[in-house]
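Input: a single structure, listed below in structure tokens.
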Amino acid sequence: MISREATSTVIFKGSSSPSPAVVRIGLILVSTDEVGGDAFCAIMPKDDVSVFITRGSCEDSWEGFSLSRSFKEVADTLPPTERFEVLAFSCTSATVELGVEGLLSELRMARPGLKYTSPGIAVVEALKHLSAKRVALLTPYPVDVHQSFIKFLGENRFDVTANGTFDMRTDAEIGELQKESIFGAAKTLVDASSPDALFISCTATPVVPHIDQLEEELGITVVTSSQAMAWDALRLVGYNRPIMRFGRLLAKSR
């Protein structure tokens, strides 16, 4: 039987300890991407890195990028600014459409005082770090969007030696691409052009778990959207420990 008498609230003194993480990252995903968040987090050393994730609603359309809320409104759903050091926006095609400076301006206004990255920003930095000048390009995008990536790489002084796309229309389709299809397309592009590196675009492309194997089969470095963004986020805060299983880029010192 429960007593009807008033009871006193017991206040306990709890022990606590700070998080052991040495790096904290705020990650904005687009709502349609079913792959990128898990891929990004899988790369991060769990004892050293905390990732805070939010999503911005975005139509699954290639008619022009837009979030249903502003970058600031989406970023406001993350923990307070003092709780993390880097803000990453996980959409490669949006970087290309908005332009690097356009996206950086949005992120700075959303959360001032942090460091910022995105797949498009990170890929350029990663390819430069690798001294890769001749790049094969594989994307899942519709042809017109794919063509904008050739221009983007050219503007950043990379020579696109061969390029191909799966010409898909939704992130859901992209996320269901089979490993064999990705490997086959990659091999065709690399065999045809002998590039320094292969760039596989789109955070929704399910390739991150297979980067090591693909590099072994191709004999060259493979850079992907989520992998490059992870590399850049860690680089920005001076985290230089090698990370294995996700390609040569992360296995090297940053």
Residue-by-residue Karplus 3J(HN,Hα) for the stretch 92-108, coefficients 6.51, -1.76, 1.60, Hz, glycine and proline x: 6, 5, 5, 4, 5, 5, 6, x, 4, 5, x, 5, 4, 4, 4, 5, 5
Most to least packed among 74-84, 10-20, 88-98 [average Cβ atoms within 10 Å]: 88-98, 74-84, 10-20
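If you roll a 1.4 angstrom probe over the protein chains with everything in place, what fraction of the accessible area of the chain belongs to carbon and sulfur, to the nearest %? Spell out each step's value before the answer.
Values: 6120 of 12510 Å².
Heavy-atom surface of the chain belonging to carbon and sulfur, 1.4 Å probe: 49 percent.
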Straight-distance crosslink candidates among aspartates and glutamates, where the alpha carbon sits under 14 Å from K128 and sequence neighbours closer than 8 are dropped: E155, D159, D196, D232
Built amide H within the under 5 Å cut-off of V223, gap 5+: L198, F199, I200
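Please give the peptides 190-201, 170-181 ranked by average Cβ packing (other Cβ atoms within 10 Å per residue), highest first, as a rough proxy for protection. Mind dumping the intermediate values first?
Values: 190-201: 20.5, 170-181: 15.2.
In decreasing order of mean packing, 190-201, 170-181 become 190-201, 170-181.
According to the Kirkwood expression over distinct Cα-Cα pairs, how big is the hydrodynamic radius of the stretch 87-195, in Å?
Working: mean 1/r = 0.0665 Å⁻¹.
One over the average 1/r among Cα pairs gives 15.0 Å for the stretch 87-195.
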Accessible surface, the chain, averaged per residue in Å² (probe 1.4 Å): 49
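As an exercise, use a Förster radius of 51 Å and the Cβ-Cβ distance of T77 and E180 to find the FRET efficiency, rounded to the nearest 0.05. Write down the numbers at each step before the final one.
Details: r = 38 Å, r/R0 = 0.74.
Working from the Cβ atoms, E equals 0.85.
Hey, which of these cross-link pairs are over 22 Å Cα-Cα: K133/K187; K151/K252; K46/K133; K133/K252; K72/K115? Please list the in-between numbers first.
Numbers: K133/K187 19 Å; K151/K252 28 Å; K46/K133 33 Å; K133/K252 18 Å; K72/K115 15 Å.
Check vs 22 Å cut-off fails for K151/K252; K46/K133.
Take the Cβ-Cβ distance between D167 and E125 as r, set R0 to 41 Å, and report the resulting FRET efficiency rounded to the nearest 0.05. Mind dumping the intermediate values first?
Working: r = 28 Å, r/R0 = 0.68.
The computed FRET efficiency comes out at 0.90.
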Computed label-point distance, nm, for sites S8 and K133 using a 7 Å Cα→Cβ extension: 7.9
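Given the rule -39500 (n - 2.57) for each run of at least 4 DSSP H residues, summed and divided by the residues of the chain, what is its mean residue ellipticity at 222 nm, to the nearest 500 deg cm²/dmol? Display every interim value, and only then the final one.
On the way: 11 runs with 99 residues, N = 254.
My calculation for the chain gives -11000 deg cm²/dmol from helical runs alone.
Out of all Cα-Cα pairs in the stretch 1-140, roughly what percent, to the nearest whole number, are more than 19 Å apart?
Working: 5874 of 9730 pairs.
Cα-Cα pairs of the stretch 1-140 separated by over 19 Å account for 60 percent.
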Computed lengthening from K151 to S19, 0.36 nm per intervening residue step minus Cα-Cα distance: 43.2 nm
Spherically averaged projected area of the stretch 177-247 from its Cα convex hull (nm²): 4.8
Nearest 10 degrees, 0 to 90: helix 143-155 Cα axis against the chain principal axis: 90
Residues whose placed amide H lies under 5 Å from that of G56, excluding near-sequence neighbours: L29, V30, S31
Packing-based ranking, highest mean first, of 234-241, 24-31 given that Cβ atoms within 10 Å are counted: 24-31, 234-241
Cα-based helix-to-principal-axis angle, 119-129 vs the chain, degrees rounded to 10: 60
Average silhouette area of the stretch 122-254, convex hull of alpha-carbon atoms, in square nanometres: 7.2
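The values are calculated or read from the model by the stated rules, or taken from the named source; none is laboratory data. Everything numeric here is computed off the predicted structure, so don't read it as measured data. Positions of Cβ are generated from backbone atoms using ideal geometry, with glycine treated the same way; all protein chains shown enter the neighbour counts. Heads up: the accessible areas ignore ligands, DNA and RNA and are worked out on the full protein's heavy atoms, side chains in. Shrake-Rupley method; radii C 1.70, N 1.55, O 1.52, S 1.80 Å.
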